[in-house]
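Enquirer: Have a look at this one.
The values are calculated or read from the model by the stated rules, or taken from the named source; none is laboratory data. Note that this is a predicted model, so its numbers are computed, not measured. Glycine gets a Cβ as well: all are built from the backbone with ideal geometry, and neighbour counts include every protein chain shown. All accessible areas refer to the heavy atoms of the entire protein, side chains included, with ligands and DNA or RNA removed. Shrake-Rupley method; radii C 1.70, N 1.55, O 1.52, S 1.80 Å.
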Amino acid sequence: MVNVVLGSQWGDEGKGKLVDLLVHDYDIVARCAGGNNAGHTIVVNGVKYDFHMLPSGLVNPNCQNVLGNGVVLHIPSFFKELETIESKGLTDASKRLFISSRAHLVFDFHQRVDKLRELELSGASKDGKNIGTTGKGIGPTYSTKASRSGIRVHHLINDQPGAWEEFVTRYMRLLKTRKERYGNFDYDYEEELNRYKNIYRQKLRPFVTDTVHFIYDALKSNKKILVEGANALMLDIDFGTYPYVTSSSTGIGGVITGLGIPPRYIETTYGVVKAYTTRVGEGPFPTEQLNEEGEKLQSIGVEVGVTTGRKRRCGWLDLVLLKYSTIINGYTSLNITKLDVLDTFKEIPVGISYSINGKKLDSFPEDLLVLGNVEVEYETLPGWNEDITKISKYEDLPENAKKYLKYIEDFVNVPVEWIGTGPGRESMIHRDI
Ligand code: GDP
Ligand code: IMO
Ligand code: MG
């Protein structure tokens, strides 16, 4: 049986925290898409863990963790992250990690190209704007995957005669085409190749698994799998605010293609929704508040990106967007996170429709020239002006907080099952639905 946790907005909704909370019920936690562009923070007994590439299920000692074929893997960052969490006390983490042999590798030159492309876009694009990527080489790696010139984990660890030479040939061909495209940038490829040959090839081998069979066997023996979504629906390559998106399928589709799980095994899909909206990087954001309210959300919510340290842009909850996200991912229930951040707001507007030139739109616009110019109609809901961080039962929430949650439920027609009231593991209200 498979359950899925997905980000419903532009990321950083608090997916990692929900995964951490649920994980004691699961045998396996799997990542299906993205790479170390993700940043999932979990706070356990006051200790903060930042996961980027690794599944958050590692926090639970009984849980096995999978990086599926849909992820892209920067091996140096992977080992660095593993060392960091092992040094925080998760000493057996490496024994519980399984990496798909089909996952694509991110090389340092992909990261260089990521930054070169951003520079190129900031000068040359029509609106003079780059994407605001994390610079982790994600886009360039998915590009080489799609153009069928990428290099996968199995290419690296293959120890048949001639396999290493073939790896080098692939690598050099890939680097050559990147240099042709992005100028003959300085690059110490010999140093990188040496690391792959003398360190990573051996060091990675114990982790590499045919995860298709690993997951198939797990499902056959009735094990429970939790898929940890990375990034979020509005960053999806198809459904997000293209081109201000990441380069993978971050929605429900990516779960199937990124792990090889038949859809019929998926029982529930939990949508994680921040009680307001944030976005890191460029691109339209209709409910953004470039004012004191936005700054207040940013500072109370400590809205700073885990991966790049950038301040997150902040605004009100956008229900037009959430409805669109719900249509695509089919959430069976929601986790509203960071409700406590709204404790001191007297009134809380939520976006309920978009208009352009006075005409209401009846669907979420695909064209950014439209999305960037919509007027948002807001419903203003009363605040509760009360500290909710110590509340552990739904019934004890202030009436106006309940009304806020009910408004969301009614708008998207999905029940709210969890409510986040603080960053710690204990700060989550569960509600029977
Ligand atoms: P993810 O990428 O979706 O896993 O989310 P991030 O970890 O990037 O960002 C969410 C941030 O909010 C983290 O710093 C969490 O510790 C914090 N957080 C999660 N849930 C809550 C909540 O209910 N209240 C508060 N105040 N903070 C929360
Ligand atoms: P989690 O899992 C927030 C954003 C980047 C940028 C765009 C493209 O923590 O929710 P990329 O490096 O992927 O090519 O960048 O996508 N982005 C995220 N924003 N949370 C994330 O992940 C993100 N992953 C990518 O800021 O705007
Ligand atoms: Mg994050």
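Enquirer: Using the Karplus equation 6.51 cos²θ - 1.76 cosθ + 1.60 (θ = phi - 60°), what ³J(HN,Hα) coupling, rounded to whole Hz, does each residue of the range 131-145 give in order, writing x for Gly and Pro?
Expert: 7, x, 5, 7, x, 8, x, 5, x, x, 6, 5, 5, 6, 4
Enquirer: Calculate how steeply helix 319-329 sits against the longest principal axis of the alpha-carbon atoms of the chain, using the helix alpha-carbon long axis, and give the answer as 0 to 90 degrees to the nearest 10.
Expert: The answer is roughly 40 degrees.
Enquirer: Solvent-accessible area per residue for the range 172-268 at a 1.4 Å probe radius, Å²?
Expert: Per-residue accessible area for the range 172-268 comes out at 50 Å².
Enquirer: Follow-up. Give a residue-ordered list of calculated ³J(HN,Hα) values for the range 383-394 (Karplus: 6.51 cos²θ - 1.76 cosθ + 1.60, θ = phi - 60°; whole Hz; x for Gly, Pro).
Expert: x, 10, 6, 8, 6, 9, 5, 9, 7, 10, 10, 3
Enquirer: Evaluate the charge dipole of the chain about its Cα centre and quote only its size in Debye, nearest 20, assuming +1 on the Cβ of each Lys and Arg and -1 on the Cβ of each Asp and Glu.
Expert: For this selection, approximately 1340 debye.
Enquirer: OK, next. Given the range 279-371, report the % of alpha carbon pairs whose separation exceeds 22 Å.
Expert: Here the long-distance tail beyond 22 Å is 37 percent of all Cα pairs in the range 279-371.
Enquirer: Compute the Rg to Rh ratio over the chain from the alpha carbon atoms, using the Kirkwood formula for Rh, and round to two decimal places.
Expert: That ratio is 0.97, to two decimals.
Enquirer: While we're on this one: For the chain, calculate the relative contact order in percent as a whole number, restricting contacts to Cα pairs under 8 Å that are 6 or more residues apart.
Expert: 20
Enquirer: Could you give P(r) for the range 377-433, binned at 10 Å from zero, as whole percent values over all Cα-Cα pairs?
Expert: Per 10 Å bin, starting at 0, the Cα pair percentages come out as 22, 53, 23, 2.
Enquirer: Given 0.36 nm per residue, what is the gain on full extension from E399 to K296 after removing their alpha carbon distance, in nm?
Expert: Result: 34.8 nm gained on full extension.
Enquirer: May I ask for the distance between the Cα centers of the range 155-212 and the range 291-309, given as a whole number of Å?
Expert: 39
Enquirer: With θ set to phi - 60° and the Karplus curve 6.51 cos²θ - 1.76 cosθ + 1.60, what are the ³J(HN,Hα) couplings of the range 95-106 in order, to the nearest whole Hz, using x for Gly and Pro?
Expert: Those phi angles translate into 6, 10, 10, 10, 10, 5, 5, 8, 5, 8, 8, 9 Hz.
Enquirer: For the pair D362/R148, report the inter-label distance in nm, with labels modelled 7 Å from Cα in the Cβ direction.
Expert: In this crude spin-label approximation the distance works out to 4.2 nm.
Enquirer: Considering only protein heavy atoms, what per residue accessible area in square angstrom results for the range 99-165 with a 1.4 angstrom probe?
Expert: The answer is 47 Å² per residue.
Enquirer: Still on this structure, please answer the following. Determine the dipole magnitude for the range 3-60: charges of +1 sit on the beta-carbon of Lys and Arg, -1 on that of Asp and Glu, nothing else is charged, the reference point is the Cα centre, and the result goes in debye to the nearest 20.
Expert: Magnitude of the dipole: close to 100 debye.
Enquirer: Straight-line reach from K88: which aspartates and glutamates fall under 15 Å, measuring Cα to Cα and dropping same-chain residues less than 8 apart?
Expert: D50
Enquirer: In the range 171-230, what percent of the accessible surface is made up of carbon and sulfur (1.4 Å probe, ligands and nucleic acids excluded)?
Expert: The C+S portion of the solvent-accessible surface of the range 171-230 is 48 percent.
Enquirer: Going toward the positive end of the dipole of the range 250-320, with +1 on Lys and Arg Cβ and -1 on Asp and Glu Cβ, which of G258, V320, V304 do you reach last?
Expert: G258
Enquirer: Then there is this: With a ≥ b ≥ c the root eigenvalues of the C-alpha gyration tensor of the range 225-268, is it rounded (a/c under 1.5), prolate (a/b larger than b/c) or oblate?
Expert: prolate
Enquirer: How high is the relative contact order of the range 1-152? Use alpha-carbon pairs under 8 Å, at least six apart in sequence, and give a whole percent.
Expert: Normalised by residue count, the contact order of the range 1-152 is 19 percent.
Enquirer: What does a probe at T257 reach in the range 138-161, counting residues whose amide N is under 11 Å from the point 7 Å along Cα→Cβ?
Expert: Answer for the range 138-161: 146.
Enquirer: If you line up the long axis of helix 108-124 against the longest principal axis of the chain, both from Cα atoms, how many degrees apart are they, to the nearest 10?
Expert: Helix 108-124 sits at roughly 50 degrees to that axis.
Enquirer: Give the distance, in whole Å, between the Cα centre of the range 19-93 and the Cα centre of the range 355-371.
Expert: One Cα centre to the other: 39 Å.
Enquirer: Just want to confirm a number: the relative contact order over the range 278-417, from Cα pairs under 8 angstrom separated by 6+ residues, in percent.
Expert: So the answer I get is 26 percent.
Enquirer: Which lysines have a Cα less than 26 Å from the Cα of K145, not counting those fewer than 8 places away in the same chain?
Expert: K80, K115, K129, K136, K176, K179, K197, K203
Enquirer: I've got another one for you. Separation between the R195 and Y242 pseudo-spin-labels, each 7 Å from Cα along Cα→Cβ, expressed in nm?
Expert: 3.4
Enquirer: Would you mind computing, in nm to one decimal, how far apart the modelled labels at N222 and N413 are, each placed 7 Å from Cα along Cα→Cβ?
Expert: 3.5
Enquirer: Rounded to the nearest percent, how much of the accessible area of the range 331-395 (1.4 Å probe, protein heavy atoms only) is carbon and sulfur?
Expert: Taking all protein chains in place, the range 331-395 shows 48 percent carbon and sulfur surface.
Enquirer: With respect to the cross-link table entries K48/K406; K224/K403; K323/K403, which display a Cα-Cα separation exceeding 30 Å?
Expert: Distance filter (> 30 Å) returns K48/K406; K224/K403.
Enquirer: To continue, here is another question. Could you tell me what percent of the DSSP beta bridges with both partners in the chain are antiparallel, to the nearest 5?
Expert: 40
Enquirer: Here's another thing I want to ask about it. Might you report the magnitude of the Cβ-based charge dipole of the range 279-433 about its Cα centre, with Lys and Arg at +1 and Asp and Glu at -1, to the nearest 20 debye?
Expert: Here the range 279-433 has a charge dipole of around 300 debye.
Enquirer: For the range 1-82, what does the accessible surface come to per residue with a 1.4 Å probe? Please give it in Å².
Expert: Here the per-residue accessible area is 23 Å².
Enquirer: Give, in nm to one decimal, the length gained when the segment between V47 and I327 is fully stretched (0.36 nm per residue of separation minus the Cα-Cα distance).
Expert: Full extension of this stretch gives 97.1 nm more.
Enquirer: Out of F207, T332, I85, whose Cα points farthest toward the positive end of the dipole of the chain (charges: +1 Lys, Arg; -1 Asp, Glu; placed on Cβ)?
Expert: Of the candidates, F207 comes out farthest on the positive side.
Enquirer: To the nearest µm²/s, what D does Stokes-Einstein give for the range 111-239 at 25 °C and 0.890 mPa s, using the Kirkwood radius over alpha carbon pairs as Rh?
Expert: Estimated via Stokes-Einstein, D reaches 138 µm²/s.
Enquirer: Average the reciprocal distances over every distinct pair of alpha-carbons in the range 325-433, invert the result, and give the Kirkwood radius in Å.
Expert: For the range 325-433, the Kirkwood estimate is 15.5 Å.
Enquirer: If I take the Cα coordinates of the range 87-148 and project them onto the principal axes, what are the three extents in Å, biggest first?
Expert: Projected onto its principal axes, the Cα set of the range 87-148 covers 50, 32, 17 Å.
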